[in-house]
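One structure is given below, encoded as structure tokens.
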Amino acid sequence: AKYIETLYEGAEKFPKSKYFTPNLVNVFIRQGDNQKAMEYLDEAIKNDPSNACDLNSVKGALLAEKGDFAAAEEEYNKALTQDPNCERALEALAVNFILQAQNLKEKTATMSDRKLQLENDKKTVDFYQRALPHLEKFTKSLKDRTADKTEIDGALMKLRNVYYNLSMMGVDKSAQLKQVEAELGL
């Protein structure tokens, strides 16, 4: 309780601090109080726009968790406007599109209207294609900074998923899929 009290005091006295408000946001998230976390995130973003990579990415993640993918995309794009190489936002934006593609794919599998299925398939392909540049840039960034193998493999698995799904939906990504599978040792 004293820790949280200190965070509140610190956030009030030092609104531009990179310690107090972000830690307070983390406390709210752990407590499941996403509304309060959002309020403090908005305040932190206003007080420290230079920290957009982290702050907007966290806000985007909270919005995506609620299923508000459009608002999440907006937050990730704000982070990328501030820092085009923000790994957190690159990965999260790609995953945001992948989740929408997968949700649509699942929904489409239960439909009987062929015309609607074809429309949804086009939208699904679009989501996967929108994910690709962010995911490819994220993966390259990890490799360029010689990130941990598990981190790189995680990004490669996501790329594999997207290449595979696009290939299965009529967009030939077989060469890229083979390359990624070779990197993963599959």
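The values are calculated or read from the model by the stated rules, or taken from the named source; none is laboratory data. Keep in mind the model is a prediction, meaning the values are calculated, not measured. A quick note on method: Cβ atoms are made from the backbone with ideal geometry, for glycine too, and the neighbour counts reach across all protein chains shown.
Which ones in region 128-162 are of a type in the set (Val, Ile, Thr) and part of a helix (DSSP H, G or I)?
139, 150, 152, 162 - these are the residues of region 128-162 that are of a type in the set (Val, Ile, Thr) and part of a helix (DSSP H, G or I).
So which pairs qualify, if the first residue must be in region 100-121 and assigned by TED's automatic domain parsing to the domain that holds residue 63, the second must be surrounded by fewer than 12 Cβ atoms within 10 Å (Cβ to Cβ) and assigned to a helix (DSSP H, G or I), the Cβ gap must be under 7 Å, and the two must be at least 6 apart or on different chains?
Once the first residue is assigned by TED's automatic domain parsing to the domain that holds residue 63 and sits in region 100-121, no partner that is surrounded by fewer than 12 Cβ atoms within 10 Å (Cβ to Cβ) and assigned to a helix (DSSP H, G or I) comes close enough.
How about region 1-55: which of its residues are under 19 Å from the mean Cα position of the chain (by Cα) and among the acidic types (Asp, Glu)?
Listed by number, the residues that qualify are 42, 54.
Kindly indicate whether residue 94 is in the same structural domain as residue 162 (by TED's automatic domain parsing), of a type in the set (A, V, I, L, M, F, W, C) and in contact with a Cys (Cβ under 7 Å, 6 or more places away or on another chain).
no
Taking region 65-79, which residues are crowded, with 22+ Cβ neighbours inside 10 Å and either of a type in the set (Asp, Glu) or touching a residue at least 24 places away in the same chain (Cβ under 8 Å) (or both)?
The answer is 72, 75, 79.
Select from region 90-121 the residues that are over 18 Å from residue 157 (Cα atoms), touching a helix residue (DSSP H, G or I) at 6+ places or on another chain (Cβ under 6 Å) and part of a helix (DSSP H, G or I) and list them in ascending order. Step through it out loud before you land on a result.
Of all residues in region 90-121, those over 18 Å from residue 157 (Cα atoms) come to 103-121.
Cutting the leftovers down to touching a helix residue (DSSP H, G or I) at 6+ places or on another chain (Cβ under 6 Å) gives us 104-105, 108, 111, 117, 120.
Correct list: 104, 105, 108, 117, 120.
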